[in-house]
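Written out below as structure tokens is the structure these notes cover.
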């Protein structure tokens, strides 16, 4: 089944009681049992919900997995993965990682004796030098947030296959429409489904997808025990958003390429970080690993300071200044003071997150209007 067909049909069955083609919203906290312990597969809303079950089946199919698990947010999904670890375990992740992910690892889990190494995972030698007998998790994004670095999923998996480390890829920026890490050797895929998967800036939801039944069982226990699950309405809205994932991503990617090409020619712009540009460091790898180059990009200014960035941030009309990404509308943000503010400035600088760095989430508006909006903001 082609991906464009999967987003419409995978995991979805007509409701057996009514024939409804759309999965109903099962707005219930509990279920009547025929006798103690005898039920129809559902007993309590935290543990199971039919709307959530349909969503989890759909998510698994989209990522070429077998098991899908939905959570109340992307951070709740990541938290479930980190709960697989024990004191003394170590994590290897990237220097260029979402600020919320950095905060959860460093501020929350380091106090429990879990050590993290933030390295450039493009450096194969450095990875081999860092991995050791205590490494239990390799966590990375690709493309990375916000520098749009492209990491070689297949190569990282091959280079670490002899270790005991679980490899989890945050696939939020790409979405399963553009990239499917399980097909490249990853053990686990994570999504902030708030973003492209739901796609309309009206849902907070996270997801994990895997193939291994033992891993699924461990994560399912954590999901139920910790209780960070999405409600039926959010599950329904995400299912609805999935149906247009392909067409939304195609349009957003087309828009992003044109915008990246345009702003790369502006005198006020120092550098554009977008893998679709042939001059981008990871362009050839992205062309092999992804079906398209995505709709996220960042750029720095020649006048490299926050004041210069703020002038642009305050001038856009169609690009709304807001956290998040992946909705149908275009967003603009300042990572150093927004999404990555929780990372110390010295570490932000090491990752390339300067005070003039601006991040764009390109939506599906008409590209001419978006280009005009950005040109006005950049040129003043």
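The values are calculated or read from the model by the stated rules, or taken from the named source; none is laboratory data. Everything numeric here is computed off the predicted structure, so don't read it as measured data. Methodologically, a virtual Cβ is constructed for each residue, glycine included, from the backbone with ideal geometry; neighbour enumeration extends over all protein chains shown.
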For segment 41-50, state whether one or more residues are in contact with a strand residue (DSSP E or B) (Cβ under 8 Å, 6 or more places away or on another chain), at pLDDT below 95, in the same structural domain as residue 140 (by TED's automatic domain parsing) and assigned to a loop (DSSP other than H, G, I, E, B).
-> yes
Taking residue 291 as the residue in question, decide whether it is outside the structural domain of residue 8 (by TED's automatic domain parsing), surrounded by fewer than 17 Cβ atoms within 10 Å (Cβ to Cβ) and either farther than 28 Å from residue 2 by Cα or in contact (Cβ under 8 Å) with a residue 24 or more places away in the chain (or both).
-> yes
Scanning for something under 20 Å from residue 199 (Cα atoms), assigned by TED's automatic domain parsing to the domain that holds residue 237, touching a strand residue (DSSP E or B) at 6+ places or on another chain (Cβ under 7 Å) and in a loop (DSSP other than H, G, I, E, B), does segment 23-31 turn up at least one residue?
-> no
Among the residues of segment 310-323, is there at least one that is without any contact (Cβ under 8 Å) to a residue 40 or more places away in the chain, surrounded by 18 or more Cβ atoms within 10 Å (Cβ to Cβ) and assigned to a loop (DSSP other than H, G, I, E, B)?
-> no
If only one of 132, 145 is more than 23 Å from residue 341 (Cβ to Cβ), touching a strand residue (DSSP E or B) at 6+ places or on another chain (Cβ under 8 Å) and part of a loop (DSSP other than H, G, I, E, B), which one is it?
-> 132
Of the candidates 197, 209, 263, the one satisfying the condition of being buried (at least 23 other Cβ atoms within 10 Å of the Cβ), modelled with pLDDT of 95 or more and closer than 20 Å to residue 148 by Cα is 197
Which condition number does residue 281 fail, the rest of (1) under 23 Å from residue 25 (Cα atoms); (2) modelled with pLDDT under 95 being met?
-> (1)
May I ask you to verify whether residue 184 is surrounded by fewer than 23 Cβ atoms within 10 Å (Cβ to Cβ), assigned by TED's automatic domain parsing to the domain that holds residue 70, within 17 Å of residue 65 (Cβ to Cβ) and touching a helix residue (DSSP H, G or I) at 6+ places or on another chain (Cβ under 7 Å)?
-> yes
Looking at this structure, is residue 220 farther than 18 Å from residue 359 by Cβ and touching a residue at least 60 places away in the same chain (Cβ under 8 Å)?
-> yes
Residue 163, sole failed condition from (1) surrounded by 20 or more Cβ atoms within 10 Å (Cβ to Cβ); (2) over 14 Å from the mean Cα position of the chain (by Cα); (3) at pLDDT below 95 = (1)
Look through 154, 125, 115, 149 and report the one residue that is surrounded by fewer than 20 Cβ atoms within 10 Å (Cβ to Cβ) and either within 22 Å of the chain's Cα centre (by Cα) or at positive phi (or both).
-> 154
What number goes with the only condition from (1) in contact (Cβ under 8 Å) with a residue 12 or more places away in the chain; (2) outside any loop (DSSP other than H, G, I, E, B); (3) more than 17 Å from the chain's Cα centre (by Cα) that residue 13 does not pass?
-> (2)
From the options 101, 58, 86, 64, residue that is within 19 Å of residue 137 (Cβ to Cβ), touching a helix residue (DSSP H, G or I) at 6+ places or on another chain (Cβ under 7 Å) and not in a strand (DSSP E or B) | 101
